[in-house]
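Everything on this sheet refers to the single structure shown next.
The values are calculated or read from the model by the stated rules, or taken from the named source; none is laboratory data. Fair warning: this is a prediction, and the values are worked out from it, not measured in the lab. Because the Cβ atoms are built from the backbone with ideal geometry, glycine has one as well, and the counts that use them run over all protein chains shown. Areas reflect the complete protein model, heavy atoms only, side chains present, ligands, DNA and RNA absent. Shrake-Rupley method; radii C 1.70, N 1.55, O 1.52, S 1.80 Å.
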Amino acid sequence: MSAVPARRRLRPARALLHVFLALVALGWLLPLALAVYASLRPYDETARLGYFSLPEHLTLGYYGEAWTQADLPRYYLNTLIIVVPAMVVTLLLASFTAFAIARLRVPGRRTLLIVFTAGNLLPPQVLITPLYTLYTLIPLPAWLSDSQSLYDSYLGLILIHVAFQFGFCVFVLANFMRTIPEEINEAALVDGAGVWKRYWRLTLPLCRPVLAALATLEFTWMYNDFLWALVLMSSGDKLPVTSALNNLRGQFFTDYNLLAAGSVLVALPTLIVFQLLHKQFVAGLTLGATKG
């Protein structure tokens, strides 16, 4: 008869860690749960009973109203026009640079990686005024920008996202590529593979998990951006979806239950993307956590 393995004792430090993590998770989920709850209740009911009260009846009417009143389909399209090219260009350029730093004998590559990493520490707010001035001075053809400058153009927002996310992606990819055995690269060299073939056919396929993790993060960060669209755009019909919530605010009165429904609809694409890529995201985060 096999012995029953002894149950591990839960140490006080580990119990405190679990309690802390549960409280952090609750702190993140509570506002979302409250927004969903408020979006399902009529405004007159919450005004009379308060938001932290039991509902008399629930309705999905606010979601249809928010969808049409805020013109969300158009703003979703604006967001895709900005986010998808910015994400693809960022990951491509970062993978090029990370491959050069990790696999090629580039002079000063360590210093270059430090510079890219340090760039992530720069607060974007300090660049608002110089970037705004610079964007108004850079000319663009009329078919690319109605203002005939980089200001108030999709290209301007794409470039700013690429610039600010590039360093982080280079740092992550370069460190991951260094974990790939050097023998694989040497074998490809012996077989006569050039730099492009070693990058495109050998290294990049091995980076799929970390690229999926970065794609999830980058999509979320770029999609949720509100600052740069507010600063570098003036045409209301070009703004991304995070700015569309302003269409649900009245001049003298704001229905916060309607605004909550709009917020849930705006947040929905990021939840869908994470749900589709969560396995690759977790795999990318745990790479290198174990040996062997």
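Checked against (1) at pLDDT below 90; (2) open to solvent by 30 Å² or more (accessible area, probe 1.4 Å), Val172 meets all criteria but (1).
Looking at Leu122, Leu144, which is the one that is modelled with pLDDT under 90, assigned to a loop (DSSP other than H, G, I, E, B) and either touching a helix residue (DSSP H, G or I) at 6+ places or on another chain (Cβ under 7 Å) or surrounded by 12 or more Cβ atoms within 10 Å (Cβ to Cβ) (or both)?
When all the criteria are applied, what remains is Leu144.
Checking each residue in the range 43-68 for being touching a residue at least 24 places away in the same chain (Cβ under 8 Å) and over 19 Å from Asn247 (Cα atoms) picks out only Thr46.
Residue count for the range 121-146 under the criterion of being touching a residue at least 24 places away in the same chain (Cβ under 8 Å) and either closer than 13 Å to Leu232 by Cβ or β-branched (Val, Ile, Thr) (or both): the result is 5. Of the conditions (1) open to solvent by 30 Å² or more (accessible area, probe 1.4 Å); (2) assigned to a helix (DSSP H, G or I); (3) without any contact (Cβ under 8 Å) to a residue 24 or more places away in the chain, Ala188 satisfies every one except a single condition; which number is it? With respect to (1) open to solvent by 30 Å² or more (accessible area, probe 1.4 Å); (2) assigned to a helix (DSSP H, G or I); (3) without any contact (Cβ under 8 Å) to a residue 24 or more places away in the chain, Ala188 is out only on (1).
Screening Thr242 against (1) on the phi > 0 side of the Ramachandran plot; (2) modelled with pLDDT of 80 or more; (3) not hydrophobic (A, V, I, L, M, F, W, C) leaves a single unmet condition, (1).
For every residue, the table says whether it meets (1) among the charged types (D, E, K, R); (2) open to solvent by less than 100 Å² (accessible area, probe 1.4 Å); (3) farther than 30 Å from Arg198 by Cβ; (4) in a helix (DSSP H, G or I).
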{"position": "Leu16", "(1), (2), (3), (4)": "no, no, yes, yes"}
{"position": "Ala47", "(1), (2), (3), (4)": "no, yes, yes, yes"}
{"position": "Phe52", "(1), (2), (3), (4)": "no, no, yes, no"}
{"position": "Thr59", "(1), (2), (3), (4)": "no, yes, yes, no"}
{"position": "Leu93", "(1), (2), (3), (4)": "no, yes, no, yes"}
{"position": "Thr97", "(1), (2), (3), (4)": "no, yes, no, yes"}
{"position": "Ile101", "(1), (2), (3), (4)": "no, yes, no, yes"}
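Every condition in (1) open to solvent by 80 Å² or more (accessible area, probe 1.4 Å); (2) within 28 Å of Trp228 (Cβ to Cβ); (3) among the hydroxyl-bearing types (Ser, Thr, Tyr) is met by Ser39 except one, and the failing one is (1). The test for being surrounded by 11 or more Cβ atoms within 10 Å (Cβ to Cβ), modelled with pLDDT under 95 and either out of contact with any Asp or Glu (no Cβ under 9 Å at 6 or more places or on another chain) or over 25 Å from Gly262 (Cβ atoms) (or both) holds for Leu34. On the stretch given as the range 136-149, residues that are within 19 Å of Leu80 (Cα to Cα) and of a type in the set (A, V, I, L, M) total 1.
Of all residues in the range 235-274, how many are open to solvent by 50 Å² or more (accessible area, probe 1.4 Å) and under 18 Å from Leu80 (Cβ atoms)?
Looking only at the range 235-274, we keep the residues that are open to solvent by 50 Å² or more (accessible area, probe 1.4 Å), and these are 237, 246-247, 249, 251-253, 256, 268, 271-272, 274.
Of the ones still in play, those that are also under 18 Å from Leu80 (Cβ atoms) are 237, 268, 271-272, 274.
Selection size over the range 235-274: 5.
For the range 69-101, give me each residue that is of a type in the set (Val, Ile, Thr) and in contact (Cβ under 8 Å) with a residue 60 or more places away in the chain.
Of the range 69-101, the ones of a type in the set (Val, Ile, Thr) are 79, 81-84, 88-90, 97, 101.
Listed by number, the residues that qualify are Thr79, Ile81, Ile82, Val83, Val89, Thr90, Thr97, Ile101.
Answer yes or no as to whether Ala187 is at pLDDT below 90 and farther than 17 Å from Ala100 by Cβ. For Ala187, the condition - at pLDDT below 90 and farther than 17 Å from Ala100 by Cβ - is met.
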